[in-house]
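Notes follow the structure.
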Ligand SMILES: Cc1cc2nc3c(=O)[nH]c(=O)nc-3n(C[C@H](O)[C@H](O)[C@H](O)COP(=O)(O)OP(=O)(O)OC[C@H]3O[C@@H](n4cnc5c(N)ncnc54)[C@H](O)[C@@H]3O)c2cc1C
């Protein structure tokens, strides 16, 4: 195929781009996928440097009920493990809570804390529903606590939990998240992870497609009759349509230029939405010194190092993962590997004592510093509207954007990315709705 023979050029070989390309290819269109990295998958990235597969990007299917990824797991023969705590739940998989001094909460105290969170969430629901435009999630939580009349350590524990929820699910501090920023976080059914890694999806979707790796796209120029996509090395690909799936952070940085410039409402949505940061620190130990699925630290010591996940349930090897979002992630990205590992081990010794050994291997992500991600996922920055996600995906002539940030029902997820790709493909084939997921299987 010559470059000008393609019906469609897809920019980005993450899940959105690969779903777009595979659906179009299955519908008889010729497609070229241009990917900046030397691998497919984007923010799904399974790595084996620790000797077992670990996911440096996405790990979970956030709710298997009605989720297209769940259907595809069977179609692609991908094994799963149930691990229902990926949406920062407080009563999914068992959690070992540690109080601010590092001591583990008794079962009764842990139950009381979970009950407090249920109580606050019920009040918070109405506070958010009535929130004036421009209200932050942090302000909504403060209002909910004032309504309940809670103060002191009880209110502090709840506030820090909701702060971590914002940083974890949105990658943003609660003071920057719109009060409605967690409205779409409903999880239907169990959550699962993949012993063989999320990367299996990208590999299966890419099978048979024309994917050009190491193709850093710099420009997208469209006319009435065609669209030309320019690559940093001077190559140009001309097609009838272009679907651009680069992350929101890459669009915001202006790393890809559009001629003519992206019009409203797309340009406005790019400016209003936020790009959050969420990073992972994997530590491989000589042996397991913990018994729990999830370990959480309350209080000031848990500002950054608050949540640990037992990867041995998934990999069979003694690996713990700390997940850090928002300001904590941005701070850690400025530190050396040695400094990050030292902080992580100190945090574990605070809870589990001085006998915690040094890890014999580690893996640290830095998604904000990644030039082809510039963050981890999109979020509803205060002042943005929930409609901005779908507005971002508004087709403009021969060009449309796709990707997690464009899927209003479930932004910041892999299945949102996948569905946005099926929507983009459906628009090109003239379908009235997103193409069905069965086209991918
Ligand atoms: C640490 C982390 C944990 C996460 N956890 C979960 C989770 O548990 N569950 C979940 O559902 N979601 C999770 N997510 C979110 C999920 O990974 C994303 O929503 C989803 O993978 C995004 O897919 P996408 O196709 O929209 O974007 P991407 O996967 O980012 O794909 C875009 C592609 O464009 C490429 N690109 C960028 N710039 C250029 C350029 N100039 N030229 C050519 N190509 C370019 C990129 O390299 C990339 O391959 C997580 C994300 C991160 C970072």
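The values are calculated or read from the model by the stated rules, or taken from the named source; none is laboratory data. Quick caveat: nothing in here was measured; it's all calculated off a predicted structure. Here the Cβ is made from the backbone with ideal geometry for all residues, glycine too, and neighbour counts use every protein chain on show.
In the stretch 100-117, what residues are buried (at least 17 other Cβ atoms within 10 Å of the Cβ) and not in a loop (DSSP other than H, G, I, E, B)? Result: 110, 113, 116, 117. Here is the figure for the stretch 71-99: residues that are surrounded by fewer than 16 Cβ atoms within 10 Å (Cβ to Cβ) and closer than 22 Å to residue 157 by Cα total 2. Close Cβ contacts (under 8 Å, 6 or more residues apart or on different chains) running from residues in the stretch 376-392 that are at positive phi to residues that are within 16 Å of the ligand (Cβ to nearest atom) and at pLDDT below 95 are absent.
Of 254, 152, 171, 197, all but one fail to be over 19 Å from residue 392 (Cα atoms) and surrounded by fewer than 18 Cβ atoms within 10 Å (Cβ to Cβ); the exception is 152. The residues in the stretch 296-326 that are out of contact with any helix residue (DSSP H, G or I) (no Cβ under 9 Å at 6 or more places or on another chain), touching a residue at least 40 places away in the same chain (Cβ under 8 Å) and not in a strand (DSSP E or B) can be counted, and the count is 6.
Checking each residue in the stretch 231-274 for being within 12 Å of the ligand (Cβ to nearest atom), out of contact with any strand residue (DSSP E or B) (no Cβ under 8 Å at 6 or more places or on another chain) and free of Cβ contacts under 8 Å to residues at least 60 places away in the same chain picks out 233, 254.
Here's the yes/no breakdown for (1) farther than 20 Å from residue 194 by Cβ; (2) in a strand (DSSP E or B); (3) over 22 Å from the mean Cα position of the chain (by Cα); (4) at pLDDT 95 or above:
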| position | (1), (2), (3), (4) |
| --- | --- |
| 1 | yes, no, yes, no |
| 10 | yes, yes, no, yes |
| 13 | no, no, no, yes |
| 16 | no, no, no, yes |
| 19 | no, no, no, yes |
| 24 | yes, no, yes, yes |
| 29 | yes, no, yes, yes |
| 39 | no, no, no, yes |
| 58 | no, no, no, yes |
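Restricting 81, 52 to residues that are closer than 29 Å to residue 169 by Cβ, in contact with a helix residue (DSSP H, G or I) (Cβ under 9 Å, 6 or more places away or on another chain) and more than 15 Å from the ligand (Cβ to nearest atom) narrows the list to 52.
A search for C-beta distances below 6 Å between a residue of the stretch 6-18 that is within 6 Å of the ligand (Cβ to nearest atom) and any residue that is in a helix (DSSP H, G or I), counting only pairs 6+ apart in sequence or on different chains, returns 15/414; 15/417; 15/418; 16/417; 16/420; 16/421.
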